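Each reported figure results from applying straightforward, stated rules to the coordinates on display, with no laboratory input. All values derive from a computational prediction rather than experimental measurement. In this analysis, Cβ positions are derived from the backbone assuming ideal geometry, glycine residues included, and neighbour counts consider all displayed protein chains.
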Amino acid sequence: MGTETRHASQAAAEEAARAMQAALAAHGVPETVWSQIEPVVTRGGGAYVSLGAPSAALVEQIAAALHRAAPSPADPGVREFRRPAR
């Protein structure tokens, strides 16, 4: 991976991590939780954000915030995540 690619990926990952931190903070998630979010860049140049292992309560908060912010679903009967049948 070239230096330019690495810098661009690092910048993208950092921006995404800051955006997630800001969104969680705006929804009242304590700093001790969202401060664990960190940018990650793979050897191949992929930009990712590590959320660590968030608690079930935090994931519920995130899901609730996303549901409030999302437009109404096409099928109003679908209100929750359903694990696909195996």
Report task. Residues that are surrounded by 15 or more Cβ atoms within 10 Å (Cβ to Cβ) and under 13 Å from the mean Cα position of the chain (by Cα): find the helices (runs of 4 or more DSSP H) completely inside the stretch 1-73 holding 3 or more of those. Result -> 3-26, 56-69
Report task. Check Ala17, Ala25 and return the single one that is closer than 24 Å to Ile62 by Cα, out of contact with any strand residue (DSSP E or B) (no Cβ under 7 Å at 6 or more places or on another chain) and among the small types (Gly, Ala, Ser). Result -> Ala25
